[in-house]
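Have a look at the structure below before the remarks.
What follows draws every value from the coordinates through simple rules; no lab data is involved. Keep in mind it's a predicted model, so treat the numbers as computed, not measured. Note that each Cβ is placed from the backbone with ideal geometry, even for glycine, and that neighbours are counted across all protein chains shown.
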Amino acid sequence: MYVEIVSFGISTVLFLILGLVMLTGRRDNLPKTTLAVASLVSAVWSGSVTYQSYYGGLLSFTLLLELLRSLSWFAFLLVMLRTAYKSTDQVNKNFRLTFAGLSVFIVGLMMLAMYRISGGSLFEFIAGNDVLIGHLLISIGGLVIIEQLYRNTSEEQRWGLKYLWIAIGAMFAYDFYLYSDAFLFQRIDNEFWNARGFIHAMVVPLIGIAIKREMQWSLGEESIDIFLSRRIVFHTTTLLASGIYLIFIGFGGFYVREMGGGWGVVAQATFLFASILGLVIVLFSSKVRSRIKVMIDKHFFHYKYDYREEWLRIIRTLSIQEGDKSLHVRAIRSLAQIINSPGGLLVMERGNGCFESDERWNYEPIHVREPTNSTLNRFLSEHQFVISLDEYNEDPDMYTRLGQLDIPNWLSSNKDAWLVVPLILQEHLMGYVVLLRSSAHERYFNWEDSDLLKTAGRQAASHLSQFESAQALVNAKRFEEVNRLSAFIVHDIKNMIGQLSMVVSNAAKHKNNPMFIDDAIITVENSVNKMNKLLVRLRGEGEVEKAASFSLCELLEESIRNCTKAGVLPIPVLNCRNEKIMVMADTDRMSVNIAHIIQNAQDATDDAGSITVKLRKDGIHAIIEIVDTGEGMSEKFIHDKLFQPFESTKGTMGIGVFQVREYIHKLGGQLDVESEVGVGSLFRLYIPLHESSTGLAQVVNLNEHEKRKHDV
Amino acid sequence: MMSKPKLLIVDDDEGIRTQLKWGIEGFDIITADSREKAIEQIEAHRPQLVTLDLGLPPDVEGTSEGFAILAAILEREPSTTVVVVSASEKDVNSVKAVEKGAFAFYAKPVDIESLQKILDSAYLSISGE
């Protein structure tokens, strides 16, 4: 009884899993639905046998369920048969007739079974000859349909479907064997019956493999989506192989000990240790792992690659900085790892009309200079193909019928060079990667490898282009800085020349005037000061500031006074709630920056308008708000132009607001702008308070502001 | 005896202001180093001529403050003759200065004789002598 419970219990669980898996995803697929029904009915039947053997009872129910199970498997096979015969009206008609006939037969058996229900054991009951013959006929019928299915399955599909036919055939074959035996001996053999659960359980994995292998077996349109990770298959295969190896080693060790005499135990220990060491070495060998991976890809999966995983790996390799490896090396690696290539060479287009070697990874040192109009470059540019040098050597026509292609010496002379992958950016060839031969993939390069490499090449090209753009931007910024410095130097030198030449020309007239001498000395001193400042700036020390803590309220008062000295209107109104708001900054620069915003507000506002300057404290920031009722700015202007240097509505150079924001950011603060055309503008400056000093708190606070304010 | 015409020199560089005062002849010279000071002087003395540096604080390395002063002067005293003096080498600034109402644009470094001639001719053109 115990064996029976275990046997049918396992069968119940496995069929239940299979049935539930088949119910996932889309349901409008007849083979899938019938397979799900057959699996679930099998699970219910196995479950009822398990229940019956443990608790007793349910005999008639179990008997009926077995017949129902047979009917559902028949239904599945017939649906598959219809698919195999192709769907014509005649076939559909035959299909319906066959199915109706078999259904009548099985339902008749069920009626008979119900009629004969009269107590006694299950086996005695089933052993009634008529029911036995019925079971035998069902088994034979099932085997006949499977034979038909196998013969009518195309060569291409047979690889994927054979496990399905073997699995269901095995079920029917065992049933045939069981009931033949019962028919001969007039009783069902207990052992055979108990094994039936195990036999049925064994076929479930085979059905699973078939589903995974042949996604299109279900009418060729909808696939059954069972995800079997390559990684899991890889590890399972490795584990299984290791397990088998260890069993053999175990036997070997036992043999060595038995035959080793006095050396037996020592020899056994040595043998076992050497064997396990060998296993570890093999498992850690990248070559062996590559070969296992290729073997799994070849034999277990419809496609060679798990594209999701490959894509994630490519992006990871390109994006994540590893040690000191440059992006260019990572670009080579991202392509090489796809086909387990041990190394590669990156060749990039240069501005000199040539493609030149750029970076290499495990590739022999070489300097490549390939003219842009060489046949290789033209071929890669026009056809964007991955060139397999093996294919080219075996059959050059494969490539040359598309266009002229001569493999240059630097490439053909390297016997390890295998593939040339173009890096295409917006249909332009920006370079290519030469990959070294992969022993694991030897003679195993097809359209899938080519497509994936080509696509990955595009991705790598995009990253490389982005990198080069960023580099160009950095260089441009450096040039801009140099230009600004040059302009500053020229400006100051001109002033100094002007001052000194005027001293000289004025001296001709006034050299005897002591007052002129005094002024001349002051002028020379002024020039010397300017020269010193220039030197400081040239040494890169110009940004040193005299940071000091000061009252922001007082500074605002001073700035407003300066902005209204000349009678400029409107006069800003200051509103300081807390006069003791202290910040740490260069007072002069802060004053200039605030004055700049106030002057902007004055320029934008009619004399009759108003400007309000408010100061308050919020957490770790002092907040200055400069509000005007001026002409305002459009959202587009704020976004596109306000903070762009050299943009202005006033016809001036317009670097002011840009500089203000840069300075406020430098202090760890922020500048927000809100504006509406015809209504006015609000400039809000967040400046870290002097008493708060935790950078983290500042960042958190700024982030909060980010959420609720419109930061431009 | 006729009083000399008034010339306002607007420049943030003290040395330039001082030496121009010694070098330029025929004018009663007053000076300013910022927008506020310049407007103060304009309103107090109503000078006929102004030499204006474009690179003034807070935009020492640009020209925005200089052009703002030019606009402020001409708004208050449209008859003032302004000679813009700048270290900027960009033609666009000279064109812009004239467009905005300046009489002439003079590129630094300052040469006293040349500037004197420009100022003399500027004064002649407004005085009609």
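So how do B:6-18, A:383-395 stack up, highest first, on mean other-Cβ count within 10 Å?
Ranked by mean Cβ neighbours within 10 Å, highest first: B:6-18, A:383-395.
Working out 0.36 nm times the residue gap between A:Ile244 and A:Ala274, then minus their Cα-Cα distance, what length gain in nm do you get to one decimal?
Difference between extended and current length: 9.2 nm.
Using the Cα centre as the reference, give the magnitude of the dipole from point charges on the C-beta atoms of region A:325-376 (Lys, Arg: +1; Asp, Glu: -1; all else neutral), rounded to the nearest 20 debye.
Working: 6 positive and 6 negative charges, 41 e Å.
The calculated dipole for region A:325-376 is roughly 200 debye.
Rounded to the nearest 0.05, what FRET efficiency do A:Asp406 and A:His428 have when you use their Cβ-Cβ distance and R0 = 30 Å?
Between A:Asp406 and A:His428 the formula returns 0.85.
Please report the net charge: other residues with Cβ closer than 13 Å to the Cβ of A:Val44, K and R +1, D and E -1.
0
Determine, for A:Leu71, A:Leu277, the number of other Cβ atoms within 10 Å of each Cβ, and report the residues in order from fewest to most.
Ranked by crowding around the Cβ, least crowded first: A:Leu277, A:Leu71.
Quote the FRET efficiency, to the nearest 0.05, computed for A:Glu481 versus A:Ala547 with a Förster distance R0 of 22 Å and r equal to the Cβ-Cβ distance.
Taking R0 as 22 Å, the efficiency between A:Glu481 and A:Ala547 is 0.45.
Work out the mean other chain Cβ neighbour count within 10 Å for the residues of A:584-593 and drop it here as an integer.
For peptide A:584-593, the averaged partner shielding equals 1.
Can you list which of the GluC sites (Glu not before Pro) found in region A:406-487 are DSSP loop residues with at most 14 other C-beta atoms within 10 Å?
A:Glu427, A:Glu442
Kindly put A:Cys354, A:Cys563 in sequence by how many other C-beta atoms sit within 10 Å of each C-beta, fewest to most.
Listed from fewest to most nearby Cβ atoms, that is A:Cys354, A:Cys563.
Return the long-range amide H neighbours of A:Leu425 (sequence gap of 5 or more, or a different chain), with a cut-off of under 5 Å between placed amide H atoms.
Counting only residues 5 or more places away or on other chains, the set is A:Met430.
Using a Gaussian network model of chain B whose springs link C-alpha atoms within less than 10 Å, name the residue from B:Ser114, B:Ser88, B:Ser34 with the highest mean-square fluctuation.
With Cα springs under 10 Å in chain B, the top fluctuation among B:Ser114, B:Ser88, B:Ser34 is at B:Ser114.
How many Cβ atoms of partner chains, on average, are near each residue of B:45-55 if near means within 10 Å of its Cβ?
Working: counts 0, 0, 0, 0, 0, 0, 0, 0, 1, 2, 4.
For this peptide, the per-residue mean of nearby foreign Cβ atoms is 1.
Can you pull the mean other chain C-beta count within 10 Å for peptide B:33-41?
On the way: counts 0, 3, 7, 8, 2, 1, 4, 3, 1.
Mean shielding by partner chains, rounded to a whole number: 3.
Taking H as built 1.01 Å from N, whose amide H comes closer than 5 Å to the amide H of B:Leu56, not counting residues under 5 places away?
B:Glu65, B:Gly66
In whole angstrom, note down how far apart the Cα centers of region A:621-640 and region A:418-487 are.
Comparing the Cα centres of region A:621-640 and region A:418-487, I get a distance of 43 Å.
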